[in-house]
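For reference, the structure discussed in these notes is given below.
The values are calculated or read from the model by the stated rules, or taken from the named source; none is laboratory data. Predicted, not measured: the structure shown is a model, and the values here were computed from it. With ideal geometry, Cβ positions are generated from the backbone for all residues, glycine too; neighbour counts draw on all protein chains shown.
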Amino acid sequence: MAGGEKLSVLNPVGYPPKVSRKALAPRLEGLDGKTVYLVDARFDDSIELLRQVQAWFARHLPSVSTKLVSLSSVYHRDDPKTWEEIKANGDAAIIGVGH
Amino acid sequence: MPTVALHTHVFHRVVASVTRMAGLPEARRAFVPQPVMGKSAAELRAYVEGADPITGRPVMQEVIEGLTAAVPPVTLDALHTTPRLVEPDTEASLQRLFLENDWTDRLPIVLPTEERVAAMLARTSHRPDEVVGRMQPTANRGLWEYTVEKVAVNAVMAGARPEYFPVILALAASQVTARGSTSSSAAAMAVVNGPVRHEIGMNWGIGALGPYNHANATIGRAYGLLSQNLQGGSVPGDTFMGSQGNGYTYGNLTFAENEERSPWEPFHVQRGFKPADSTVSVFYGCRSTTFGLGLRELHWREHVRDMLRGIDALTAPCLLLDPITARQFIDRGGFDTKEKLIDWLFETAKMPAGEYWDLQLVQNYLYPRATFGEEPYASKLRAAPDELIPIFNRDDINVIVVGGEANGYWQIMGANYRRTVSVDEWR
């Protein structure tokens with residue numbers, strides 16, 4: 001095969017999945033009087049970071065109620081029970097720590 | 001509900017990719033430095049009160065605005081379907097292109113010309129456009145699809161001979177990636193059983209796990225290349241987050257079982273196949289290995305126990321026994337079947353419950369399942385801190401015979417069994 005000869009070769013990459021567009025939930029106008037759930041993903045001591053987030057709210061935005069909850073099992077399993085609780089009792093959520 | 005996700009900064013490209021694949025590229029996020037694990041309360045408070053390492057803005061400002069500020073629309077670029085051919089070019093330019101596109105393992109590849117791919121395709125009865133499976137680097141990254149021809153392209157690139165193609169197709173059909181994105185840098189292991197071992201000249205003897213046999217080496221390399229290319233990439237910081245990387249991933253520990261010198265039934269027969277069937281069995285999670293020489297009469301039980309404790313508690317031990325050691329296990333312990341040996345290994349691999357639950361891997365992946373009530377973890381959680389509890393699940397432990405009897409060296413590989421796939425169905 002001569003060095004300058006042009007070769008036709010096949011592309012080795014697979015076929016990407018179709019992506020379904022989703023809509024982001026509307027944002028709140030403010031957090032005063034709202035309940036924010038802090039959702040512990042139970043990975044690499046994530047609850048310890050969320051405790052500091054909770055403490056930050058207490059210091060800087062005391063009008064915001066926070067509730068710290070942990071996922072029922074490991075982070076890669078869906079947790080409908082926790083989602084239902086948050087939907088029923090919360091106004092917003094902060095989830096961590098993602099990796 | 002308005003939500004903000006807090007992540008560690010090294011994953012910012014991963015987060016962008018995952019949210020895009022989920023159809024929500026504008027998902028609100030904020031970043032803190034990595035690591036969170038093991039940091040004191042004061043250090044974590046400084047994270048929260050400090051700046052987002054990605055944007056430079058205060059972390060909590062990002063969080064509050066993420067919950068309250070209007071979100072500008074973000075265009076979701078459609079992923080283009082993959083073209084069949086690459087723009088023709090010279091060999092040197094194409095080698096460079098494949099390297100620059102992250103399509104290789106950074107070693108030179110065999111260019112997949114139409115002629116070479118056709119020769120590969122000639123060794124299977126399956127149509128080139130038949131879908132073989134779907135794969136992704138880790139959950140939530142989006143499953144990419146691939147055909148017989150796409151697998152053939154990667155097999156050519158790895159330098160595999162056409163007669164190996166049914167084994168490579170079976171590996172692709174396992175849909176278990178050998179290029180997982182896990183930060184733990186896990187590798188795959190592929191064990192071939194049955195007559196195909198002879199047909200394509202695989203090695204199960206001296207040096208079987210090393211680079212001394214063309215079939216072992218190129219089938220294993222093909223498994224890696226097809227995984228990274230057919231799942232949409234394995235690029236550090238994006239689709240690969242293995243913190244240290246793993247040398248096993250070059251060849252993916254691909255070998256044949258030494259059925260002829262094993263005192264026990266072959267692995268694929270344990271999994272319900274007939275001895276005359278040809279199969280490949282896929283394991284994942286290889287990152288911890290212990291090794292020893294033989295079994296001494298006086299303290300062999302204690303020595304094996306110590307080796308088992310050297311395997312990470314999250315990944316089951318898979319014994320890779322030279323035939324010399326396999327026979328020694330029978331001589332020392334009377335384990336005349338693999339099942340009896342596995343029973344003993346399960347009973348032997350124990351540690352105090354307090355130590356077990358304090359392992360970070362156990363905290364991350366098993367403790368949440370225990371508190372959820374999942375067995376056997378929930379029962380283990382009830383043990384007193386100094387009570388000895390099994391480290392592994394009995395049914396996750398495996399034994400494979402490999403080696404050339406140069407001596408009785410043997411290894412325990414941390415390796416989670418995934419599945420066994422028929423090679424014959426891909427001929």
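Checked against (1) within 11 Å of another protein chain (Cβ to nearest Cβ); (2) modelled with pLDDT of 95 or more; (3) outside any helix (DSSP H, G or I); (4) at negative phi, B:Asp102 passes all but condition (4).
Okay, residues lined up against (1) closer than 23 Å to B:Val176 by Cβ; (2) of a type outside the set (A, V, I, L, M, F, W, C); (3) within 28 Å of the chain's Cα centre (by Cα):
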{"site": "B:Leu76", "(1), (2), (3)": "no, no, no"}
{"site": "B:Thr81", "(1), (2), (3)": "no, yes, yes"}
{"site": "B:Val86", "(1), (2), (3)": "no, no, no"}
{"site": "B:Ala92", "(1), (2), (3)": "no, no, no"}
{"site": "B:Phe98", "(1), (2), (3)": "no, no, yes"}
{"site": "B:Asp102", "(1), (2), (3)": "yes, yes, yes"}
{"site": "B:Arg123", "(1), (2), (3)": "yes, yes, yes"}
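For region B:381-427, filtering for residues that are charged (D, E, K, R) and crowded, with 19+ Cβ neighbours inside 10 Å leaves 0. Contact map, region B:173-189: first residue away from chain A (no Cβ under 11 Å) and on the phi > 0 side of the Ramachandran plot, second residue outside any loop (DSSP other than H, G, I, E, B) and among the hydrophobic types (A, V, I, L, M, F, W, C), Cβ cut-off under 7 Å, separation 6 or more or different chains; pairs are B:Gln175/B:Met135.
For region B:388-427, which positions are assigned to a helix (DSSP H, G or I) and either over 21 Å from B:Asn213 (Cβ atoms) or of a type in the set (A, V, I, L, M) (or both)? Write out each step before concluding.
As a first pass, look at region B:388-427 and keep what is assigned to a helix (DSSP H, G or I): B:394-396, B:424-426.
B:Arg394, B:Asp395, B:Asp396, B:Asp424, B:Glu425 - these are the residues of region B:388-427 that are assigned to a helix (DSSP H, G or I) and either over 21 Å from B:Asn213 (Cβ atoms) or of a type in the set (A, V, I, L, M) (or both).
Taken as a whole, the structure places B:Ala256 among residues that are assigned by TED's automatic domain parsing to the domain that holds B:Val191 and of a type in the set (A, V, I, L, M).
Of all residues in region B:49-75, those being part of a loop (DSSP other than H, G, I, E, B) and either over 20 Å from A:Ala25 (Cβ atoms) or touching an Asp or Glu at 6+ places or on another chain (Cβ under 9 Å) (or both) number 11. Restricted to region B:63-80, and to residues there that are within 7 Å of chain A (Cβ to nearest Cβ) and modelled with pLDDT under 85, the residue that is nearest to B:Lys150 (Cα to Cα) is B:Leu79.
Does A:Asp32 qualify as being charged (D, E, K, R) and either facing chain B (nearest Cβ under 7 Å) or closer than 29 Å to A:His76 by Cβ (or both)? Explain how you work it out, then say what you get.
Details: charged (D, E, K, R): yes; either facing chain B (nearest Cβ under 7 Å) or closer than 29 Å to A:His76 by Cβ (or both): no.
Considered against the rule, which asks whether it is charged (D, E, K, R) and either facing chain B (nearest Cβ under 7 Å) or closer than 29 Å to A:His76 by Cβ (or both), A:Asp32 comes out as no.
The set of residues in region B:28-48 being more than 7 Å from chain A (Cβ to nearest Cβ), buried (at least 21 other Cβ atoms within 10 Å of the Cβ) and not in a strand (DSSP E or B) consists of B:Arg28 alone.
Is it the case that region B:120-135 has a residue that's surrounded by 15 or more Cβ atoms within 10 Å (Cβ to Cβ), of a type outside the set (Lys, Arg), touching a residue at least 12 places away in the same chain (Cβ under 8 Å) and in a helix (DSSP H, G or I)? The answer is yes; a qualifying residue exists.
If a residue has to be assigned to a loop (DSSP other than H, G, I, E, B), within 14 Å of A:Leu10 (Cα to Cα) and either in contact (Cβ under 8 Å) with a residue 60 or more places away in the chain or at the interface with chain A (Cβ under 7 Å from one of its Cβ atoms) (or both) to count, how many in region B:105-117 make the cut? Residues in region B:105-117 being assigned to a loop (DSSP other than H, G, I, E, B), within 14 Å of A:Leu10 (Cα to Cα) and either in contact (Cβ under 8 Å) with a residue 60 or more places away in the chain or at the interface with chain A (Cβ under 7 Å from one of its Cβ atoms) (or both): 3 in total.
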